[in-house]
Amino acid sequence: MQCSPGICPRPSAGGLVAVAGVQQVAVLGSTGSIGVSTLDVIARHPQQFRAWALAANRSVDTPAAQCREFQPRYAVMMDPDAADTLRAVLAGECDTEVLAGPEGLQQVASHAEVDAVMAAIVGAAGLPSTLAAAEAGKRLLLANKESLVMAGHLLMAAARKAGAVILPIDSEHNAIFQCLPAAQSGAPGLEGVSKILLTASGGPFRSWSADAIAAATPAQACAHPNWSMGRKISVDSATLMNKGLELIEACWLFDVAPSRVEIVVHPESIVHSLVQYVDGSVLAQLGNPDMRTPIAYGLGWPQRIDAGVAPLDLVALSRLHFEAPDETRFPCLRLAREAAAAGGTAMAVCNAANEIAVEAFLAGGIGFAAIPRVIEATLSAVPSVEPTSLGVVEAADRDARDVAAWHVARSGGRPNPGGEK
Ligand code: NAD
Ligand code: MG
């Protein structure tokens with residue numbers, strides 16, 4: 001896997017960067033789990049942040065309520081009919097201008113008035129707007145890990161070229177960002193680092209037998225023991241594909257080879273990840289499992305701001321556990337590793353096949369055990385090529401979706417394109 005140098009500058013020795021005035025934030029995916037948590041943190045700091053734009057897919061009630069509360073300059077609905085409905089609902093109530101479709105998303109992600117973009121759309125649908133924010137040199141709060149998995153090389157290169165600051169919002173990567181040393185360039189460096197330890201909760205099926213896992217229902221897969229998240233990432237956590245995607249994400253963000261990232265199962269989700277140094281020191285970031293902590297870190301960085309998160313009570317917790325992941329019961333982790341090792345568009349193929357398989361599983365079309373089978377068959381069928389442009393990545397994504405849908409149908413199910421809220 002070819003990795004690009006990380007590009008997130010650190011505060012200079014001369015002191016913290018002063019943020020002048022109110023920061024205008026575009027919250028892409030505002031109705032989702034991360035989007036709602038982001039708005040919660042923004043609402044706690046009206047003197048520092050404004051939700052300047054909101055964007056969601058097609059259901060209108062939550063965006064309408066968010067527009068009434070936050071009065072953004074723009075709201076974007078991916079679905080044009082939903083945009084018409086939102087426009088009608090908001091008429092006379094607020095001055096928010098409603099835009100539609102991918103063009104609207106691109107427009108707000110790269111708008112000159114925007115300081116920071118929270119990329120919290122789920123799945124490959126988030127890639128174009130995330131890339132647009134990087135190309136426009138924005139402070140990019142990156143929750144949409146799928147963009148890095150699909151097009152890490154392009155995204156990191158775009159950010160570097162435009163001077164965009166990427167702040168990882170995924171809790172593990174945010175923890176690693178906090179524990180890495182600052183290099184002379186100001187970017188998080190690897191000086192003295194021997195290994196990155198990426199923690200995984202193990203998901204709801206951590207202690208289940210392979211047979212029980214195979215019979216798991218969507219409701220069981222979405223019942224994460226520690227985190228409240230959207231349905232797609234919840235299933236990814238249950239298959240451990242989430243950790244596979246995060247392995248790839250870490251390689252791009254921090255410029256490390258997959259062999260330097262070790263996955264450790266930690267069921268309590270209190271230690272969000274660790275960095276091991278050559279002298280035997282291990283630095284970790286701990287906290288209650290609440291995404292408002294990494295979101296507040298990303299919004300406020302390099303300052304620390306209140307996130308509304310309860311302080312950690314170590315005595316009440318009393319014990320923390322760690323174990324090795326089981327790649328036999330959870331083959332998705334192995335598949336992601338293999339895609340990372342193959343490099344090129346294999347990671348985009350892996351991501352697309354996973355999205356199709358998870359959608360089909362959530363729609364009741366295939367069983368839980370079919371998810372890795374669909375991904376493995378798709379990875380074998382779609383050749384990996386150099387991801388030289390967004391067009392090449394998107395073509396690989398389309399091919400993989402077609403092949404995966406065929407395998408879903410063969411498994412007796414129907415794919416469920418666009419099943420997101
Ligand atoms: P979610 O399903 O709760 O929300 C997804 C958001 O994206 C919604 O606002 C939805 O309207 C919007 N959306 C969906 N499809 C869209 C499309 N085609 N075009 C435009 N908007 C669309 O998801 P989530 O749990 O908030 O996760 C969002 C992203 O953050 C994912 O990439 C996920 O991997 C990542 N992430 C989430 C968590 C978490 O705790 N939820 C943690 C780490 C990383
Ligand atoms: Mg995570």
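For segment 32-63, filtered to residues that are surrounded by fewer than 19 Cβ atoms within 10 Å (Cβ to Cβ) and free of Cβ contacts under 8 Å to residues at least 40 places away in the same chain, the residue that is farthest from Gly230 (Cα to Cα) is Gln47. Inside segment 219-235, can you point out the residues that are more than 9 Å from ligand 1 (Cβ to nearest atom) and assigned to a helix (DSSP H, G or I)? Hits for segment 219-235 are Ala219, Gln220, Ala221, Val235. Considering only residues that are within 16 Å of ligand 1 (Cβ to nearest atom) and among the basic types (Lys, Arg), which ones fall in segment 143-191? Once the filter is applied, which keeps residues that are within 16 Å of ligand 1 (Cβ to nearest atom) and among the basic types (Lys, Arg), segment 143-191 yields only Lys145.
The residues of segment 382-400 that are closer than 12 Å to Cys350 by Cβ and in a helix (DSSP H, G or I), listed by number, are Ala396, Asp397, Ala400. Scanning segment 341-378 for residues that are of a type in the set (A, V, I, L, M), touching a residue at least 40 places away in the same chain (Cβ under 8 Å) and surrounded by 24 or more Cβ atoms within 10 Å (Cβ to Cβ) yields Met347, Ala348, Val349, Ala352, Ala353, Ile356, Ala357, Val358, Ala360, Ile366, Ile371, Ile375. As a summary of the residue check, Tyr74 satisfies the conditions (1) crowded, with 20+ Cβ neighbours inside 10 Å; (2) in contact with an Asp or Glu (Cβ under 8 Å, 6 or more places away or on another chain); (3) free of Cβ contacts under 8 Å to residues at least 60 places away in the same chain; (4) within 30 Å of Val235 (Cβ to Cβ) except for the one numbered (4). In segment 198-218, which residue that is farther than 24 Å from Gly287 by Cβ and surrounded by 16 or more Cβ atoms within 10 Å (Cβ to Cβ) is nearest to ligand 1 (Cβ to nearest atom)? Taking the candidates together, the pick is Pro218. Being touching a Cys at 6+ places or on another chain (Cβ under 6 Å) and within 16 Å of ligand 1 (Cβ to nearest atom) holds for only one residue in Leu253, Leu240, and it is Leu240. Looking across segment 39-93, the residues that are among the aliphatic types (A, V, I, L, M) and either in a loop (DSSP other than H, G, I, E, B) or over 26 Å from the mean Cα position of the chain (by Cα) (or both) come down to Val60, Met78, Leu86, Ala88, Val89, Leu90, Ala91.
Do we have Lys195 as surrounded by fewer than 20 Cβ atoms within 10 Å (Cβ to Cβ) and either under 18 Å from the mean Cα position of the chain (by Cα) or touching a residue at least 12 places away in the same chain (Cβ under 8 Å) (or both) here? So Lys195 passes the test.
Just one of the listed residues (Ala357, Ala353, Ala339, Ala316) is over 21 Å from the mean Cα position of the chain (by Cα) and part of a helix (DSSP H, G or I), namely Ala316. Checked against the criterion of being more than 15 Å from the chain's Cα centre (by Cα) and part of a helix (DSSP H, G or I), the candidates Ala216, Ala284, Ala250, Ala238 yield just one match: Ala238.
Rule-based calculations on the coordinates, nothing more; no lab input. Note that the structure is predicted; figures quoted are calculated from it, not measured. Positions of Cβ are generated from backbone atoms using ideal geometry, with glycine treated the same way; all protein chains shown enter the neighbour counts.
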